[in-house]
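*Asks:* The structure that follows is given in the form of structure tokens.
Computed from the coordinates by the stated procedures, all read-outs in this text should not be read as laboratory data. This one's a predicted model, so the numbers in the text were calculated from it and none came from an experiment. Cβ atoms come from the backbone with ideal geometry, glycine included; neighbour counts cover every protein chain shown.
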Amino acid sequence: MYGPGTRFEKAMFYTRGPKEKQLLVNLASTTDKVVHARKRRIISYAMSESAIRSYEPVILDKIRLFCKQLPDANTFGGEYKNMSRWFSYLTYDIMGTLTFSQSYDMLTKDDHHFIQPLIDAYQHSQVILGTYPKIEHWGLAPLLFLKIMSDNKRFRSYVDKQVSYRIKQEKSGNGPADIFKLLLNHKDKETGESMGFKELSDEAVVLIIAASDTTGTALSGLYFYLARYPECYNKLKQEIRTTFSSVDDILGGKKLLECKYMRACVDEALRMSPGVPGYLTREAPEGGTIDGYYMPPAAQVGVPTWTVHRDPDVYPDPQIFKPERWMVDSEEQIQKLRSCWYPFSTGTRGCIGKNMAYHSIYLTVARLAYSFEIKSRDPLPLEFHVKDHFAAGEKNGPFLKFIPVSTS
């Protein structure tokens with residue numbers, strides 16, 4: 001349904017009506033394969049290995065500030081930090097600098113903290129209207145979902161302001177070399193035209209959400225499970241502290257990628273807390289079947305990521321956080337684990353920012369594990385709970401205290 005060569009294409013969920021009248025057309029939502037390929041080519045330059053390496057000074061600068069703020073009881077939230085919010089602050093500050101060359105300073109100021117619930121409301125609205133497009137066509141959305149639609153409108157207004165600011169910078173000749181510059185400078189090969197304001201704004205939506213919200217979910221889920229399973233955190237600390245001689249030694253590259261237990265922890269957290277827990281809707285083709293069952297043409301189908309990641313035939317004890325399940329020598333077993341694991345989707349529609357996300361996550365996790373012990377404020381339930389708002393919504397916690405350790 002999702003892999004290379006599939007005949008199942010993106011469905012009406014994304015267009016919220018006839019495809020020719022699609023309201024939101026960006027890299028993540030477009031149903032047109034030609035348009036998607038064009039957009040993916042543009043963004044691919046910003047997600048290349050060399051580009052990601054060039055971003056590392058910015059990422060490390062934000063992580064250092066993050067590590068400085070966490071143990072301070074006088075910063076937002078007091079002694080025990082709500083890590084769903086704090087990881088969002090971190091990833092949003094990184095995204096703002098790399099994408100729009102703007103420092104939102106969410107780690108030190110609360111001026112932009114309002115944006116997080118707006119992002120959640122925006123994504124929630126996409127699920128509602130994508131599932132029931134007639135709600136919007138009949139003009140019922142503002143009546144039935146007043147708060148969600150109001151926040152949706154505020155979010156789009158916020159995005160439009162970011163785009164207007166960058167366009168103004170570019171026209172003045174002072175436009176910085178950030179990710180958004182690729183979009184501003186792009187010209188269609190056939191028409192020679194640049195992207196219009198609506199298209200730029202639509203792309204900004206996916207850059208903001210994909211670059212900040214989903215990475216924040218992965219980190220929040222990981223630290224929930226590390227706090228719930230202290231034996232796992234102890235193993236992680238041991239690996240990081242024996243691999244690196246100082247926190248400043250923790251940089252991207254071969255040494256960091258050789259931390260196998262850390263990578264297993266991250267992949268297990270992505271299994272249990274995927275950034276998009278629900279299903280990525282597809283449209284059944286003529287004569288389409290799934291597992292031998294006939295699907296009527298144009299039927300809207302999908303497999304929830306959260307569910308398939310808990311298939312007990314593939315992942316024994318699926319509700320238990322077990323990084324060791326990823327540390328097997330059998331290539332056949334690894335392929336089996338990967339066959340049902342798609343936190344970044346798969347195929348040509350897979351997340352183009354996957355390597356960027358991994359890079360930021362590894363640097364953050366390694367530096368935190370090197371520098372801190374952690375303590376949970378509350379007894380933790382079996383699983384990290386989120387709502388399916390397309391991306392993971394209504395994240396809360398874990399509430400953790402970060403205790404600096406002496407590494408001398």
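*Asks:* First select every other residue whose beta carbon is under 12 angstrom from the beta carbon of residue 272; then total the charges, Lys and Arg +1, Asp and Glu -1.
*Replies:* +1
*Asks:* Let me ask something additional. Cross-link candidates for residue 198: which aspartates and glutamates have Cα within less than 15 Å, leaving aside residues fewer than 8 places away along the same chain?
*Replies:* Straight-line reach from residue 198, under 15 Å: 160.
*Asks:* So what is the 222 nm mean residue ellipticity for the chain from helices alone, if each DSSP H run of at least 4 adds -39500 (n - 2.57) and you divide by all residues, rounding to the nearest 500 deg cm²/dmol?
*Replies:* Dividing the helical sum by the residues of the chain leaves -15500 deg cm²/dmol.
*Asks:* Mind giving me the nanometre distance, one decimal, between the label points for residue 303 and residue 113, set 7 Å out from Cα along Cα→Cβ?
*Replies:* About 4.1 nm separates the two model spin labels.
*Asks:* Continuing with the same structure: Need the full-extension length gain, residue 238 to residue 328, defined as separation in residues times 0.36 nm minus the C-alpha distance. One decimal, nm.
*Replies:* 30.4 nm
*Asks:* Sticking with this structure for a sec: Hand me the trypsin sites (Lys or Arg not before Pro) from region 332-408 located in a DSSP loop with no more than 16 other Cβ atoms within 10 Å, in residue order please.
*Replies:* 377
*Asks:* If the viscosity is 1.306 mPa s and the temperature 10 °C, what translational diffusion coefficient in µm²/s does Stokes-Einstein give for region 186-308 when Rh comes from Kirkwood over Cα pairs?
*Replies:* After rounding, the answer is 85 µm²/s.
*Asks:* Please sort by residue number the chymotrypsin sites (Phe, Trp or Tyr not before Pro) in region 121-178 whose DSSP state is loop and whose Cβ has at most 13 other Cβ atoms within 10 Å.
*Replies:* Within region 121-178, the qualifying chymotrypsin sites (Phe, Trp or Tyr not before Pro) (loop, at most 13 other Cβ atoms within 10 Å) are 138.
*Asks:* For residue 336, which aspartates and glutamates qualify as cross-link partners when the Cα separation must be under 20 Å and same-chain residues fewer than eight apart are set aside?
*Replies:* The reachable aspartates and glutamates, counting only those whose Cα sits under 20 Å from residue 336, are 267, 268, 291, 311, 313, 317, 324.
*Asks:* Within 10 Å of each candidate Cβ there may be at most 11 other Cβ atoms; applying that plus a DSSP loop requirement, which GluC sites (Glu not before Pro) in region 175-278 survive?
*Replies:* 190, 193, 258
*Asks:* Now for a different question. Which residue fluctuates most in the GNM of the chain (Cα springs below 10 Å): 34, 301, 127?
*Replies:* In this elastic network of the chain, the residue with the biggest mean-square fluctuation among 34, 301, 127 is 34.
*Asks:* Just to confirm a number: summing +1 for Lys and Arg and -1 for Asp and Glu over residues other than residue 76 whose beta-carbon lies under 11 angstrom from that of residue 76, what do you get?
*Replies:* The answer is +1.
*Asks:* What does the charge add up to near residue 314, with Lys and Arg as +1, Asp and Glu as -1, over the other residues with Cβ less than 11 Å from its Cβ?
*Replies:* +3
*Asks:* Next question, about the same structure. Take the residue pairs 235/375; 39/395; 10/39; 147/395 and return only those whose Cα atoms are more than 24 Å apart.
*Replies:* 39/395
*Asks:* A further question on this structure: Taking a ≥ b ≥ c as the square roots of the Cα gyration tensor eigenvalues, with a/c under 1.5 meaning rounded and otherwise prolate when a/b beats b/c, else oblate, which class fits region 138-206?
*Replies:* It is prolate, given that a/c is not under 1.5 and a/b is the larger ratio.
*Asks:* Cα convex hull of region 43-101: mean projected area in nm², to one decimal?
*Replies:* Its average projected convex-hull area is 4.5 nm².
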